[in-house]
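Asker: First the structure, which I've put down as structure tokens, then a few questions once you've had a look.
The values are calculated or read from the model by the stated rules, or taken from the named source; none is laboratory data. Given the structure is predicted, the values throughout are model-derived calculations rather than measurements. All Cβ positions, glycine included, derive from the backbone under ideal geometry; neighbour counts span all protein chains shown.
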Amino acid sequence: MKGPLILSIDTSCDETSVAVTKGRRVLSHIEYSQVLIHKKWGGVVPSLAKRAHEDKIEWTIKETLKRVKLSVDDLSSFDAIAVTVGPGLAIALEVGIRYAKKLAQRYGVKIIAVNHLEGHIYSAFVQNSKGNPQRKFEFPYLALIVSGGHTEFVVLRNHLKYERLSTTLDDAAGEALDKAAKMLGLGYPGGPVLERLSNMVDNDDRHKLPRPLTRNRTLDFSFSGLKTSFLYMLKKKTQEDIVKNINFLASSFQEAVFDTLTIKLQWAMETTKIKRLVIGGGVSSNMYLRKKIRNLVRRSKGGKVLFPSFKYLCMDNAAMIGVVGSYKYRDGDFVEDISSLDRKPRLDL
Ligand code: KG4
Ligand code: ZN
């Protein structure tokens, strides 16, 4: 097995996640989800997230190592510790960073700082312990990150060489799905619930909501107006009507978000002339979105799209951070002064 042996940590939001990777292979990983803690508040509560990370980080690291028959003392034989330094919830990120520093100092291991979004971009290339899927890199790639915090296009010119094409002006796609689900009284996180309800009515689009920022060819995203349109639509309905139509409402909202994503994806392919796509982030686990993107790529002759091959790789996870870490290791991109490590993302992604 080629590549550096890395312990990776991501505490950017509501998952305490740790992995052991060797090159692109994930040997062991755990995502300790805080979903049950935040569910009753309808979204992530930063102070609760921080406390839960603090409570679980030590256990998660020990257990991840134990699954490959290693203990914390074996860290001295690791090549590096990769840790997410942003973007994310500051007080949550700090828990992972502090722990990574402590371990690096105690066991004399180098630290690699990783931007969470680099992780989502690389997640389509993460392999299981047997080296599958094999997927060779064929640069350049047009990457679409669609998560709870981000919706943006990035060109990956070569390993670790990024050009950001656009950003989210307000709410990200996943956040919009979460908020719409909340308006419908459907709990958190909203994306998977909306997917389920939409499937029940074959992704019907009878409530035709706006496709934001699709009048001109901007690649930026904005989903906050769509959310307001949805709220006004719901206000005009009785509670009984909403309950009766809930699948159609869910599905029309989801369609407005996904249609916007695919319209802009087509523009981004035309603008960049790049037909090889990688998609990452929590929303990319949605099978209907995948189908829409595959159809788009099929229409563009010679196109190809890669999604993360395992569902956990769409969500926040440390495995993708370890794999980015392996390329940074190859470039010797270490944090020189560990004590100065803070939560600033190194790249403006
Ligand atoms: O990447 P992620 O785990 O965290 C961030 O970095 O934000 O993404 C979480 C987002 C949430 O908004 C969640 O509703 C959405 O991903 N999500 C989905 C699905 N599963 C998770 N959205 C649509 N369909 C899904 N199946
Ligand atoms: Zn994420």
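Asker: Cβ contacts < 7 Å: first residue within 24 Å of ALA143 (Cα to Cα), restricted to the range 198-219; second residue assigned to a loop (DSSP other than H, G, I, E, B), any location; separation 6+ or different chain. Result?
Answerer: Filtered contacts from the range 198-219: PRO212/SER222; PRO212/PHE223; LEU213/ASP220; LEU213/SER222; LEU219/LEU165; LEU219/SER166.
Asker: Let me ask something else about it. Of the conditions (1) touching a strand residue (DSSP E or B) at 6+ places or on another chain (Cβ under 8 Å); (2) away from ligand 2 (no atom under 12 Å from the Cβ), ASP170 satisfies every one except a single condition; which number is it?
Answerer: Unmet condition: (1).
Asker: Restricting the search to the range 320-346, which residues are outside any loop (DSSP other than H, G, I, E, B) and surrounded by fewer than 18 Cβ atoms within 10 Å (Cβ to Cβ)?
Answerer: ARG330, ILE338, SER339, SER340
Asker: If a residue has to be under 16 Å from ALA19 (Cα atoms), charged (D, E, K, R) and part of a loop (DSSP other than H, G, I, E, B) to count, how many in the range 299-319 make the cut?
Answerer: 1
Asker: So, in the range 126-152, how many residues would count as being of a type in the set (Phe, Trp, Tyr) and crowded, with 22+ Cβ neighbours inside 10 Å?
Answerer: Here the count works out to 1.
Asker: Exactly one condition in (1) within 16 Å of ligand 2 (Cβ to nearest atom); (2) over 18 Å from ALA319 (Cβ atoms); (3) free of Cβ contacts under 8 Å to residues at least 24 places away in the same chain is false for SER33; which is it?
Answerer: Only one criterion in (1) within 16 Å of ligand 2 (Cβ to nearest atom); (2) over 18 Å from ALA319 (Cβ atoms); (3) free of Cβ contacts under 8 Å to residues at least 24 places away in the same chain is unmet by SER33, namely (2).
Asker: Any chance you could count how many residues in the range 64-76 are surrounded by 14 or more Cβ atoms within 10 Å (Cβ to Cβ), of a type outside the set (A, V, I, L, M, F, W, C) and touching a residue at least 24 places away in the same chain (Cβ under 8 Å)?
Answerer: Residues flagged as surrounded by 14 or more Cβ atoms within 10 Å (Cβ to Cβ), of a type outside the set (A, V, I, L, M, F, W, C) and touching a residue at least 24 places away in the same chain (Cβ under 8 Å) within the range 64-76 amount to 1.
Asker: Condition first: touching a residue at least 60 places away in the same chain (Cβ under 8 Å) and either over 18 Å from SER326 (Cβ atoms) or outside any strand (DSSP E or B) (or both). Can you find one or more residues in the range 56-63 that meet it?
Answerer: Looking for residues that are touching a residue at least 60 places away in the same chain (Cβ under 8 Å) and either over 18 Å from SER326 (Cβ atoms) or outside any strand (DSSP E or B) (or both), one finds none in the range 56-63, hence no.
Asker: While we're here: Can you name every residue in the range 160-187 that is hydrophobic (A, V, I, L, M, F, W, C), part of a helix (DSSP H, G or I) and more than 9 Å from ligand 1 (Cβ to nearest atom)?
Answerer: Across the range 160-187, the qualifying residues are ALA180, MET183.
Asker: Could you say whether any residue in the range 264-281 is within 16 Å of ligand 1 (Cβ to nearest atom), outside the structural domain of VAL126 (by TED's automatic domain parsing), touching a residue at least 40 places away in the same chain (Cβ under 8 Å) and surrounded by fewer than 18 Cβ atoms within 10 Å (Cβ to Cβ)?
Answerer: No: the range 264-281 contains no residue that is within 16 Å of ligand 1 (Cβ to nearest atom), outside the structural domain of VAL126 (by TED's automatic domain parsing), touching a residue at least 40 places away in the same chain (Cβ under 8 Å) and surrounded by fewer than 18 Cβ atoms within 10 Å (Cβ to Cβ).
Asker: Could you tell me which numbered condition GLU240 fails, if it satisfies all but one of (1) out of contact with any helix residue (DSSP H, G or I) (no Cβ under 6 Å at 6 or more places or on another chain); (2) outside the structural domain of ILE145 (by TED's automatic domain parsing); (3) assigned to a helix (DSSP H, G or I)?
Answerer: Answer for GLU240: the failing condition is (2).
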